[in-house]
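Please read the structure below before turning to the comments.
Just so it is clear, none of the values below were taken in a lab; they were calculated from the coordinates. Just so you know, these numbers come straight off a predicted model, no measurement behind them. FYI the Cβ positions are ideal-geometry reconstructions off the backbone, even for glycines, and counts take in every protein chain you see.
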Amino acid sequence: MRILVAEDDAVSRRVLEAVLERMGHECAVTADGDEAWARLADGAPEVLITDWMMPGLAGPDLCRKVREHYGESVYVVMLTALSGEAHVREAMAAGADDFLTKPLDRNQLQMRLAVAERLHALRARVHELEAR
Amino acid sequence: MPATRALRRRIAVTRPDVVDRAVLRTLAQAVGDDAIVDEICALFLQETGPRLQALRAAALRGDAEALHAHTLTLKGSAASVGAVLVVDAADELDALAGSGDLAGAQAWLTRLAEALDLTRAELGRTHA
């Protein structure tokens, strides 16, 4: 899948990029929400993995903009060191599909991406049927 | 992919109270290339100086929100390379930031700086 990462911390960004590429995904990385938003104009990815706290456009704000402009076509995973139900609820209210806490757990990430892949395939099938 | 000799040496020499060896092993498996683990460790060490400066500046200003934001980022990156001593010290600073009372921040910043020095020694010597 094509995955866009928005993460201001250079270490977490490189870890994500390396793990995603190892999983066989096509990964583009950006250093903040504004850069990610600009990159989206080049073509929406199947998945957006965004950090919560970033300079400029924060994760929830980026997520809201993605929903407003791209609808449900992008599977959004909010990644953060913050924990607690309130944060999960806030992420979901912003339109996130899923939530991952740092440090990154490769298995948890893989499970989220499996769901994203299945949803993407289902949407593609629906579009195909509608086009007939 | 099995750990190479260089990675085995890294894991063998790191002090577990400073760097969690299991995290380095897991990272190596997840990225599948020891050179990338080296790159990530070097990146972490490179980022710690500016991060510590930002934390000190936030404490001096009495800016609990900035202190919280910087400790969260530091905890995230430190956890990625298994820098457990740094995570512990950052946790204490974060608790202070959460309470809004930064009176004890300088003491914890000193401890964090020491933790970073120890981590640099543990991770850095395996880069030679």
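Points to keep in mind about this one:
- Of all DSSP beta bridges confined to the protein assembly as shown, the antiparallel ones make up roughly 0%.
- Relative exposure of A:Met78, A:Met111, judged by other C-beta atoms within 10 Å (fewest first): A:Met111, A:Met78
- Its alpha carbons considered, the protein assembly as shown gives a radius of gyration followed by a Dmax of 19.3, 69 Å.
- Per-residue shielding of A:12-18, expressed as the average number of other chain Cβ atoms within 10 Å of the residue Cβ, stands at 6.
- Loop-resident GluC sites (Glu not before Pro) (DSSP state other than H, G, I, E or B) in segment A:33-82 with no more than 14 further Cβ atoms inside 10 Å of their Cβ: A:Glu72.
- Other residues lying with their Cβ under 14 Å from the Cβ of B:Glu47 contribute a combined charge of +1, Lys and Arg counting +1, Asp and Glu -1.
- Sorting A:60-67, B:67-74 by average packing, meaning the other beta carbons within 10 Å per residue, from highest down gives B:67-74, A:60-67.
- Take each residue of peptide B:76-89, count the partner chain Cβ atoms within 10 Å of its Cβ, and average: the result is 3.
- In nm, spacing of pseudo-spin labels at B:Gln53 and B:Gln29 (7 Å Cα→C-beta vector): 3.9 nm
- Here the simple spin-label model places points 7 Å from the Cα toward Cβ, and for A:Glu85 and A:Asp42 these points are separated by 4.1 nm.
- Tilt relative to chain A, helix A:59-70 - C-alpha long axis, 0 to 90 degrees, to 10: 20 degrees
- Label-point separation, A:Arg2 to A:Arg67 (7 Å along Cα→Cβ), nm: 2.3 nm
- Highest-MSF residue in chain A out of A:His120, A:His69, A:His87 [GNM, Cα springs under 10 Å]: A:His69
- Shielding by partners for peptide B:23-31, expressed as the average number of C-beta atoms from other protein chains within 10 Å of each residue's C-beta, is 4.
- Fewest-first ranking of B:Cys41, A:Cys27, using other Cβ atoms within 10 Å as the exposure measure: A:Cys27, B:Cys41
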